[in-house]
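Trainee: Please find one structure pasted underneath; my questions will follow.
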Amino acid sequence: MLKANANGYSLESLYALVPHELRGYVELVYDLHNHPSFRLFERLMYKSRFYDPKLQSIMLSLITQDDRPFVLSTPRFEEPGKAHLQIPFASEQLDFLFQLKVKSASFGEIKDRLSLADTDDQVFRGFLGKEPVRKYVPYDGKGARWRYFGHACILVEAGGSCILSDPVLSYTYENNISRYTYEDLPDVIDCVLITHNHQDHLLFETLLQLRSKIRMIVVPKNAGGALQDPSMKLILQQCGFKNVVDLEEMEEAQFGPLHLTTLPFLGEHGDLDIRTKLAYLVRVSGHSLLFAADSCNISPEMYKHVHQEIGDVDVVFLGMECAGAPMSWLYGPLLTERMERAQDHSRRLAGSNYERAHDIVERFRCKELYVYAMGQEPWLNYVMSVKYTPESHPIVQSNKLLEACAQKGVIAERLFGEKEILLS
Ligand SMILES: [Fe+2]
Ligand SMILES: [Fe+2]
């Protein structure tokens, strides 16, 4: 409607042409180039009939292997061996359910608290066991410890406090790749950091299970009201997360001994105006760790300015999935007209390649470089569906970076499976 009717003149008369359902929920605007657009009153929409938590449900099944159906393939249909519970995400019933992993309850109480139907009895009993879960021992040594849980998920512990980045976790089952799982997390997670709104970094399956442990979630702030850039803070709040803080670039926060600085995150979103992306600098016991996620260094001058502010960094974690999907793979359904294939393929959801990553290593004079967030772990398949060969671009490019780092005496590794490092 806007494309057909907004011609640089006042938009006032066009409010009458806004589809009935949307009236009162949008403001029509021009940008400074006289391009017409709109913004949504996001918070107001969550209070409208368009936000219906009754549409939310969870499906439980026994997961005993890495292979699983793709995460975004919904809805899920009823299947034998699976329990489908009509519980809204914000419900405290879910906290009770997931706390059962460490806190036992009788079957009668479980059934009652979760309002289980008699027909679910048999399936649900199959999910329960009598073995106590192994108790997690928090790090109480000097300095800090970080542990890699796969992809972009890293736990940093120091002085009794901890930060967990982009939680995406494997369950515990027989397998041939050593890994940390849900069982390797502290009872309390002081702060969860989310870098951006892609399903391999913001995954509800994991987050909902951790909700009762999480004291605070830090997310990037959105621009407000853009369809392609919904507020992560609002989404999480609607889903029952109590302490969600959204930060902009170059802000600071302190969690016990862990000091946090938010940094700009470039690219990776097909040049769409998406603000919900941040890199995080964590300083602890005299060490600095940069979690850059899929930041694509398309404008190295940005890091020059950032370096002037924060100085050198000891450890850099950087994603190098530099092939990436075409923009329409994730955002296509939001576009108002079909893009030409060549345009679409030029605007990729891709992280840094060798050159761009190398510039970051040089700029921050890091002592250690870890390539992460590559989707290589098999338990990430259901989220990422990437399959690499030794010839795959991201593997070739990251190998080249590892070699360049080795020549310089920078410790460098492409993380896979699990890793633990102590910072004295
Ligand atoms: Fe991403
Ligand atoms: Fe990613």
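Trainee: If you check residue 200 against the conditions, is it surrounded by 17 or more Cβ atoms within 10 Å (Cβ to Cβ) and within 16 Å of ligand 2 (Cβ to nearest atom)?
Mentor: Here the answer is yes, as residue 200 does meet what is asked.
Trainee: Quick one: in region 384-409, of everything that is modelled with pLDDT under 95 and within 16 Å of ligand 1 (Cβ to nearest atom), which residue is nearest to the chain's Cα centre (by Cα)?
Mentor: Only one residue tops the list, namely 384.
Trainee: Within region 129-147, does at least one residue satisfy the condition of being part of a loop (DSSP other than H, G, I, E, B) and under 15 Å from the mean Cα position of the chain (by Cα)?
Mentor: No, region 129-147 contains no residue that is part of a loop (DSSP other than H, G, I, E, B) and under 15 Å from the mean Cα position of the chain (by Cα).
Trainee: Take the residues in region 317-343 that are in contact with a Leu (Cβ under 8 Å, 6 or more places away or on another chain) and more than 16 Å from ligand 2 (Cβ to nearest atom); name whichever of them is least open to solvent (accessible area, probe 1.4 Å).
Mentor: Checking each candidate, the answer is 328.
Trainee: What are the residues in region 242-273 that are outside any strand (DSSP E or B), touching a residue at least 24 places away in the same chain (Cβ under 8 Å), over 18 Å from residue 308 (Cα atoms) and not hydrophobic (A, V, I, L, M, F, W, C), if any?
Mentor: 243, 248, 256, 257, 267, 268, 269, 270, 271, 273
Trainee: Also, I was wondering about something else. Can you name the residue in region 137-147 that is surrounded by fewer than 24 Cβ atoms within 10 Å (Cβ to Cβ) and touching a residue at least 60 places away in the same chain (Cβ under 8 Å) and, of all such residues, is nearest to ligand 1 (Cβ to nearest atom)?
Mentor: If we take residues in region 137-147 being surrounded by fewer than 24 Cβ atoms within 10 Å (Cβ to Cβ) and touching a residue at least 60 places away in the same chain (Cβ under 8 Å), then 147 is nearest to ligand 1 (Cβ to nearest atom).
Trainee: I need the full set of residues from region 337-363 which are in contact with a strand residue (DSSP E or B) (Cβ under 9 Å, 6 or more places away or on another chain) and outside any helix (DSSP H, G or I), in order please.
Mentor: 339, 347, 348, 349, 350, 351, 352
Trainee: Out of the residues in region 93-109 meeting the condition of being of a type in the set (D, E, K, R) and open to solvent by 40 Å² or more (accessible area, probe 1.4 Å), tell me which one is nearest to residue 183 (Cα to Cα).
Mentor: Selected residue: 101.
Trainee: Report, by residue number, each residue of region 226-266 that is at pLDDT below 95 and at positive phi.
Mentor: 256
Trainee: Contact list please: Cβ distance under 9 Å, first residue in region 69-80 and over 20 Å from residue 385 (Cβ atoms), second residue open to solvent by less than 80 Å² (accessible area, probe 1.4 Å) and of a type in the set (S, T, N, Q), pairs at least six apart or on different chains.
Mentor: Matching pairs, first to second residue: 79/61.
Trainee: Please work out if residue 349 is farther than 20 Å from residue 412 by Cβ and open to solvent by less than 70 Å² (accessible area, probe 1.4 Å).
Mentor: yes
Trainee: Then there's this: Can you pull out every residue in region 274-298 that is open to solvent by 20 Å² or more (accessible area, probe 1.4 Å), out of contact with any helix residue (DSSP H, G or I) (no Cβ under 9 Å at 6 or more places or on another chain), within 16 Å of ligand 1 (Cβ to nearest atom) and in a loop (DSSP other than H, G, I, E, B)?
Mentor: 275
Trainee: Looking at region 226-240, can you tell me whether even one residue there is away from ligand 2 (no atom under 16 Å from the Cβ), β-branched (Val, Ile, Thr) and assigned to a loop (DSSP other than H, G, I, E, B)?
Mentor: No: region 226-240 contains no residue that is away from ligand 2 (no atom under 16 Å from the Cβ), β-branched (Val, Ile, Thr) and assigned to a loop (DSSP other than H, G, I, E, B).
Trainee: Only residues in region 291-303 that are more than 13 Å from residue 372 (Cα to Cα) and of a type outside the set (Asp, Glu) count as the first member; pair them with residues that are within 16 Å of ligand 1 (Cβ to nearest atom) and part of a helix (DSSP H, G or I), Cβ under 6 angstrom, at least 6 apart or cross-chain, and list the lot.
Mentor: 297/356
Trainee: Could you give me the residue pairs with C-beta distances under 7 Å whose first residue belongs to region 364-376 and is in contact (Cβ under 8 Å) with a residue 12 or more places away in the chain and surrounded by 22 or more Cβ atoms within 10 Å (Cβ to Cβ), whose second residue is small (Gly, Ala, Ser) and in a loop (DSSP other than H, G, I, E, B) wherever it lies, and which are 6+ apart or on separate chains?
Mentor: From residues that are in contact (Cβ under 8 Å) with a residue 12 or more places away in the chain and surrounded by 22 or more Cβ atoms within 10 Å (Cβ to Cβ), the pairs are 372/152; 373/152; 373/293.
Trainee: Filter region 69-92 down to the residues that are closer than 17 Å to residue 204 by Cβ and open to solvent by less than 70 Å² (accessible area, probe 1.4 Å) and list them by number.
Mentor: Residues satisfying the conditions are 70, 71, 73, 84, 85, 87, 88, 89, 90, 91.
Trainee: Among all residue pairs at least 6 apart or on different chains, which show Cβ distances below 6 Å where the first residue, located in region 17-28, is surrounded by fewer than 16 Cβ atoms within 10 Å (Cβ to Cβ) and the second is in a strand (DSSP E or B)?
Mentor: 27/39
Trainee: Restricting attention to region 256-265, which residues are surrounded by 20 or more Cβ atoms within 10 Å (Cβ to Cβ) and more than 21 Å from residue 360 (Cβ to Cβ)?
Mentor: 258
Trainee: Consider residue 248 carefully, then state whether it is surrounded by 19 or more Cβ atoms within 10 Å (Cβ to Cβ) and either more than 16 Å from ligand 1 (Cβ to nearest atom) or within 16 Å of the chain's Cα centre (by Cα) (or both).
Mentor: no
Trainee: With (1) modelled with pLDDT of 95 or more; (2) open to solvent by 30 Å² or more (accessible area, probe 1.4 Å); (3) closer than 22 Å to residue 262 by Cα as the list, and residue 159 as the residue in question, which single condition is left unmet?
Mentor: Going through (1) modelled with pLDDT of 95 or more; (2) open to solvent by 30 Å² or more (accessible area, probe 1.4 Å); (3) closer than 22 Å to residue 262 by Cα one by one, residue 159 breaks only (1).
Trainee: Output the number of residues of region 111-124 satisfying the condition of being surrounded by 10 or more Cβ atoms within 10 Å (Cβ to Cβ) and more than 12 Å from residue 60 (Cβ to Cβ).
Mentor: Of the residues in region 111-124, 7 are surrounded by 10 or more Cβ atoms within 10 Å (Cβ to Cβ) and more than 12 Å from residue 60 (Cβ to Cβ).
The values are calculated or read from the model by the stated rules, or taken from the named source; none is laboratory data. Note that this is a predicted model, so its numbers are computed, not measured. Neighbour counts run over all protein chains shown; Cβ positions are idealised from the backbone, glycine included. Keep in mind that these areas ignore ligands, DNA and RNA; they rest on the heavy atoms of the full protein, side chains included. Shrake-Rupley method; radii C 1.70, N 1.55, O 1.52, S 1.80 Å.
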